[in-house]
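**Q** Sharing a structure below in structure tokens format, with a few things to ask.
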Amino acid sequence: MATAKKLPSGSWRCQVFSHYEPVFDDQGHVVIDPKTQKPKKKRIYESFTSDDPTRRGKAEAEAMANDFYLNHRNKSRHPERLTVFEAIDKYITAADVALSPKTIEEYWKIQKNSFQGIMSLELRELTDDILQEAVNIESKRPNRRCTKNPRPISPKTVRNSYGLISAVINQYGNGYTPKVKLPEVPRKIIDLPDPEIIFNIIKGTDAELPCLLAMWLSFSLEEIRGLKKSSVQGNYITINQVVVDVGGKAVEKDLAKTATRIRRHRIPAYIKTLIDSLPADQEQLVPGSADSIGKRFSRLMEKNGIKMNFHKLRHVNASVMAYLKVPEKYALERGGWKSDKVMKRVYTHTFSDKRLETDNVIDQYFEEVLDIKSKDAAFDKKKYKAWLILFDKPDNKKSMRAFKEFMQHEMQHEN
């Protein structure tokens, strides 16, 4: 039972433990305990005071504190009486062993920043209408990172945040299954530069090794950061740990995100040469933070007129395997994807030049089958191929436009 203490003002105050909250630093990162490598938590207490300086005031403060304590015990028996904020806290605490520090940090950020309009509501008070309104409001919440060009947070962020809310409701909501319409994530048509173009940009730079590990072997950035010289055995390299940033600091995880991410690859001779040329005292194959590695690559690409982030290199790998018609089983195994749905929907794109070649093949097929002549009189495929060889040009959209202009000029000259 909580005991009230008399304050210098004469009032009585009684404190009761309420819950744990994460400790954030000045940059908004969760602080990591160096001993446990787990996010630090602080105990939060509820205070109850009485201005009556007599013994009656002491009893009043203790009575309010005990009511709060009994209400908390009642919530443990009836979890649907938890507020959304309390339910998230309980969900994180219950799964503390199973969740990674990075995931815990993300959950606490959601608890702190997202769906603030319903955090104080009890789970039993939630309805489809209330949740739908909360989703609508959250979809309009400004993105704090976009200060120069203000815009709302992305639909993907809304869906990820609601995923935690939904999991908490399913766990403690006493059978309530909400039906809410979430914002659709727009599908983007992504044109990837040819691997040859990327290679010519990164060759000989500090970004070469990490980029080839991603583009050639389909390693993610967190997997690349987890690679050490001990990960290399002869001509093979093994992914069995990752490095992620939690609270602004690098944290090693012994196991990858899913079991399928633990895999072994043969090292191509070119990449093996790059690894062998690393300093003898350098244990990590690719040192540095995720931010520094990613920005180094993006800056190189931007200097050459291409806007591309580091993660898109894994997309390049998946697209190459699709273009080469690598059997699905081996493509999934190489990339560490759990299902072909993720690989096909998220990672597989086409290259601009390869797409153009495909368009040409399909157009030629239908023109021959239907016995029709292309409406574009200034385009002759045989002449186009000969023109490419003659002027040593790549087969792409720019060359095609130049060829058409060349042919039009020739036709005008003949006339």
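**Q** What are the pairs with Cβ atoms under 7 angstrom where one residue, in the range 147-162, is closer than 12 Å to I110 by Cβ and the other, located anywhere, is part of a helix (DSSP H, G or I) and open to solvent by less than 50 Å² (accessible area, probe 1.4 Å)? Sequence gap at least six, or different chains.
**A** Going by the 7 Å Cβ cut-off, the qualifying pairs are V158/V135; V158/E138; V158/S139; S161/I110; S161/E138; Y162/V135.
**Q** Is it the case that some residue within the range 50-62 is of a type outside the set (F, W, Y) and under 30 Å from K102 (Cα atoms)? Break it down stepwise before answering.
**A** The first filter runs over the range 50-62 and keeps only residues of a type outside the set (F, W, Y), leaving 50-62.
Checking which are under 30 Å from K102 (Cα atoms) leaves us with none.
No - not one qualifying residue is present in the range 50-62.
**Q** Something else now. Conditions: (1) farther than 22 Å from E86 by Cα; (2) without any contact (Cβ under 8 Å) to a residue 40 or more places away in the chain; (3) open to solvent by less than 60 Å² (accessible area, probe 1.4 Å). I44 meets all but one. Number of the miss?
**A** (1)
**Q** Among the residues of the range 373-401, write down those that are at pLDDT 60 or above and open to solvent by less than 40 Å² (accessible area, probe 1.4 Å). Write out each step before concluding.
**A** Taking the range 373-401 and keeping what is at pLDDT 60 or above, we get 380-401.
Within the range 373-401, Y384, W387, L388, D395, N396, S399, M400 qualify.
**Q** For the range 50-73, give me the residue count where each residue is of a type in the set (S, T, N, Q) and more than 51 Å from the chain's Cα centre (by Cα). Walk me through it before giving the result.
**A** The first filter runs over the range 50-73 and keeps only residues of a type in the set (S, T, N, Q), leaving 50, 54, 66, 71.
Still in the list and also more than 51 Å from the chain's Cα centre (by Cα): 54.
Residues in the range 50-73 being of a type in the set (S, T, N, Q) and more than 51 Å from the chain's Cα centre (by Cα): 1 in total.
**Q** Which residue is most open to solvent (accessible area, probe 1.4 Å), if the candidates are limited to the range 90-141 and must be of a type in the set (S, T, Y) and part of a helix (DSSP H, G or I)? Before the answer, list the steps.
**A** Taking the range 90-141 first, the residues of a type in the set (S, T, Y) are 91, 93, 100, 103, 107, 114, 120, 127, 139.
Next, from what is left, pick out any that are part of a helix (DSSP H, G or I): 91, 93, 103, 107, 139.
Details: Y91: 50, T93: 73, T103: 47, Y107: 50, S139: 35 Å².
So, considering only residues that are of a type in the set (S, T, Y) and part of a helix (DSSP H, G or I), the one most open to solvent (accessible area, probe 1.4 Å) is T93.
**Q** Identify all residues within the range 148-176 that are aromatic (F, W, Y) and part of a helix (DSSP H, G or I); write none if there are none.
**A** Taking the range 148-176 as the starting set, the residues that turn out to be aromatic (F, W, Y) are 162, 172, 176.
Y162, Y172 - these are the residues of the range 148-176 that are aromatic (F, W, Y) and part of a helix (DSSP H, G or I).
**Q** Given the criteria over 24 Å from I92 (Cα atoms) and part of a loop (DSSP other than H, G, I, E, B), does G204 qualify?
**A** Values: over 24 Å from I92 (Cα atoms): yes; part of a loop (DSSP other than H, G, I, E, B): yes.
In short, yes.
**Q** Still on this structure, I have one more. Checking T205 against (1) open to solvent by less than 50 Å² (accessible area, probe 1.4 Å); (2) among the polar types (S, T, N, Q); (3) closer than 26 Å to L324 by Cβ: exactly one of these is not met. Which one?
**A** (3)
**Q** Here is a follow-up. Find the residue count for the range 163-188, including only residues that are open to solvent by 80 Å² or more (accessible area, probe 1.4 Å) and in contact (Cβ under 8 Å) with a residue 24 or more places away in the chain. Walk me through it before giving the result.
**A** At the first step, the residues of the range 163-188 found to be open to solvent by 80 Å² or more (accessible area, probe 1.4 Å) are 170-171, 174, 177, 179, 181, 184, 186-188.
Adding the requirement that they be in contact (Cβ under 8 Å) with a residue 24 or more places away in the chain leaves 171, 174, 179, 181, 184, 186.
Of the residues in that region, 6 qualify.
**Q** Among the residues of the range 126-150, write down those that are over 25 Å from the mean Cα position of the chain (by Cα) and either modelled with pLDDT under 90 or among the hydrophobic types (A, V, I, L, M, F, W, C) (or both). Write out each step before concluding.
**A** Initially, the range 126-150 is screened for residues over 25 Å from the mean Cα position of the chain (by Cα), giving 126-130, 133.
L126, I130 - these are the residues of the range 126-150 that are over 25 Å from the mean Cα position of the chain (by Cα) and either modelled with pLDDT under 90 or among the hydrophobic types (A, V, I, L, M, F, W, C) (or both).
The values are calculated or read from the model by the stated rules, or taken from the named source; none is laboratory data. Given the structure is predicted, the values throughout are model-derived calculations rather than measurements. No Cβ is skipped: glycine too gets one built from the backbone with ideal geometry, and neighbour counts run over all protein chains shown. Just the protein is used for accessible areas: all its heavy atoms, side chains included, with ligands, DNA and RNA removed. Shrake-Rupley method; radii C 1.70, N 1.55, O 1.52, S 1.80 Å.
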